[in-house]
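Below is one structure, written out as structure tokens, with a few remarks after it.
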Amino acid sequence: MSTKQRKFSIFRYNPNTPEKKPFMQDYVIEEVPGMTIFTALNKIREDLDPSLMFDFVCRAAICGSCAMIINGRPRLACKTLTGDLKGTITLMPLPVFKLIGDLSVDTGTWFRQLQLRTEAWIHTDKKFDPDAVEERMDNRVALEIYEAERCIECGCCIAGCVTANIREDFLGAAGINRVARFMVDPRDERTPQQYFDVIGSDEGAFGCMALMACDDNCPMQLPLQSQLAFVRRKMLAFGLLGK
Amino acid sequence: MQAQKLLTRNPRAELYYDLVELLTGVTLVGFLWTHMIFVATILLGKQTFNTLSQFLDDYYLSYVGIPFIILVFVTHILAAGRRLPTRYQEQKIIWRHARMLKGTDTWIWVFQVITGAAIFALGSIHMWMVITGWPIRAMTSADRMHSFWWFYLVLLLLGEYHAGFGIYRQFVKWGWFPRKPLGYVTKMITAVILALGLAALWVMYELGGAV
């Protein structure tokens, strides 16, 4: 089995030592077959530099923790094979989110405020009866909801978005997709006006300039262009016709 | 909420802004493409060009159309221009981001902003020249293009770029068609209009400069 040395250029910065300016640090490790960025980072931390900060939990593209900028593009470290990349592999932390240190960012706080602002829960006056038989749902609707729910909140769409990079209050594709999920859900009894108040502004649907970096870089291949357009059209109908 | 924001709040303002951007943009693309087809009548001869120009004059279409287009032009600048970041740090972020991401659509947008600003300047000069040299006749246009062919060449390229990708982006935004075929169709239309424009420019250049 042939061995190959791979060079990594990794962003280093610790907010606790701000006197030390951000810099790129190089590491060289041996590439093994099937190696992901995630396994490479663990190897670097174990063998070369225990101070390197990065996030991971599930290593199976479910938790969304290990998103970072890999050779310029937002990707999941656990889903990206080193073998698919050429030359030096450059790793940067996701922009927009608060930098914890090196490649580690706090997406949690950001997504928490997204949930609150979009009111990402079912709004209903119905009283929940735990003994009743669950209401049936049309299979097509269930699939539509599920499609939007596949979002793992990794933040790749937000990091790739120019608007999100310069406007801190922009909800981005993740936020708009989240609202789309509730719009198709028949259990949510929100009125058009209530939805409009949540997302009918430049912080929501109308802030998007259709640069489609979200659509291009979603690790879950969510249909973000059509989700954004769906919400935009809905907002037009809600805003002009009230329905 | 603060008092000044409470008193001035219009929840639909940004919806209207977005619609104005869409409608003025689509109108301008429609105008530009029609305009280029009209100019290209020079390919059929001086007479055809003059007859069309005369027709537009006789039915007052020019006198209604030109002020209307100027109004739409200015409105579009205000509506689309609202998105432009002006702070130094925002500018730095965008350029850095575009270089890093290498996303085609992101770069297209950066150039669309630049072409938009350039069209604002060059388009205004163009309108001024045409209006002060009224009426539009084949020989006066030909002389203008003979002298300032480089100006018209630049404006043609900028205009077609901005219009072609602008209409593409609006369709992407509103999601009426999928992205890939949409990009292909807008590129094809742009190529045809560009070819017509270049041919007309060449004919005009050859025709002009006699005096």
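Straight-line cross-link reach from A:K127 at under 22 Å between alpha-carbon atoms covers no lysines, not counting any fewer than eight positions away in the same chain.
Note on the protein assembly as shown: along the principal axes its Cα atoms extend 81, 63, 46 Å, ordered by decreasing extent. Of the trypsin sites (Lys or Arg not before Pro) found in segment A:88-142, the ones in coil according to DSSP and having at most 11 other Cβ atoms within 10 Å of their Cβ are A:K126, A:K127, A:R136.
Shown in residue order for segment A:175-188 are the 3J(HN,Hα) couplings computed by the Karplus curve 6.51 cos²θ - 1.76 cosθ + 1.60 at θ = phi - 60°: x, 6, 4, 5, 5, 4, 4, 6, 5, 8, 7, x, 6, 7 Hz (x for Gly and Pro). Taken about its Cα centre, chain B carries a charge dipole of roughly 1020 debye when the Cβ of each Lys and Arg holds +1 and the Cβ of each Asp and Glu holds -1. Near A:Q25, the amide H atoms lying under 5 Å from its own belong to A:I10, A:F11, A:R12; only residues 5 or more places off or on other chains count, and H is placed 1.01 Å from N.
Among the cysteines of the protein assembly as shown, those with no neighbouring cysteine Cβ under 4.7 Å are A:C66, A:C78, A:C151, A:C154, A:C156, A:C161, A:C208, A:C218.
Within segment B:119-202, list the chymotrypsin sites (Phe, Trp or Tyr not before Pro) lying in a DSSP loop whose Cβ has at most 12 other Cβ atoms in a 10 Å radius. Please report the intermediate quantities before stating the final value.
Working: sites: B:F120, B:W128, B:F148, B:W149, B:W150, B:F151, B:Y152, B:Y161, B:F165, B:Y168, B:F171, B:W174, B:W176, B:Y184, B:W202; in loops: B:F148, B:W176.
Here the chymotrypsin sites (Phe, Trp or Tyr not before Pro) that fit, given the DSSP loop and packing criteria, are B:W176.
Straight-line reach from A:K20: taking Cα to Cα under 23 Å and skipping same-chain neighbours fewer than 8 places apart, the lysines in range are A:K98, B:K92.
Over segment A:57-189, what is the mean sequence separation of C-alpha contacts under 8 Å (at least six apart), divided by residue count, expressed as relative contact order in percent? Contact order relative to length: 27 percent.
Only helical runs count toward this figure. For chain B, summing -39,500 (n - 2.57) over DSSP H runs of n ≥ 4 and dividing by all residues gives -28500 deg cm²/dmol at 222 nm. With a simple spin-label model that places each label point 7 Å from the Cα along the Cα-to-Cβ direction, the separation between B:S147 and A:E149 comes to 7.1 nm. Reported to the nearest whole Å, the Cα centre-to-centre distance from segment A:35-65 to segment A:192-207 is 38.
Compared with the dominant Cα axis of chain A, that is its longest principal axis, helix A:224-241 is turned about 30°.
What is the dipole size for the protein assembly as shown, taken about its Cα centre, with +1 at each Lys and Arg Cβ and -1 at each Asp and Glu Cβ, in debye to the nearest 20?
Numbers: 48 positive and 42 negative charges, 133 e Å.
For the protein assembly as shown, the charge dipole is close to 640 debye.
Relative to the longest principal axis of chain B, what angle (0 to 90°, nearest 10) does the C-alpha long axis of helix B:149-174 take? Long axis of B:149-174 versus the principal axis of chain B: about 40 degrees. Each residue of segment B:76-90 is assigned a 3J(HN,Hα), and the resulting list reads 5, 4, 5, 6, 6, x, 4, 7, 6, x, 10, 6, 4, 5, 4 Hz, derived from the Karplus form 6.51 cos²θ - 1.76 cosθ + 1.60 (θ = phi - 60°), x at Gly and Pro.
Considering chain B, its Cα convex hull presents a mean projected area of 15.3 nm². Pairwise Cα distances in chain A exceed 25 Å for 49 percent of all pairs. Once each of the GluC sites (Glu not before Pro) sitting in a DSSP loop with at most 13 other beta-carbon atoms within 10 Å is removed, chain A keeps A:20-133 as its longest stretch. The relative contact order of chain A comes to 17 percent, based on Cα pairs under 8 Å that sit 6 or more residues apart. Applied to segment B:115-122, the Karplus parametrisation 6.51 cos²θ - 1.76 cosθ + 1.60 on θ = phi - 60° returns per-residue 3J(HN,Hα) values of 5, x, 5, 5, 5, 3, 6, 5 Hz, with x for Gly and Pro.
Over segment B:63-211, Cα pairs under 8 Å with separation of 6+ residues give a relative contact order of 29 percent.
No lab work stands behind these numbers, since they all come straight from the coordinates. These figures come from a predicted structure and were not determined experimentally. So basically every Cβ, Gly included, is an ideal-geometry build from the backbone, and we count neighbours across all protein chains shown.
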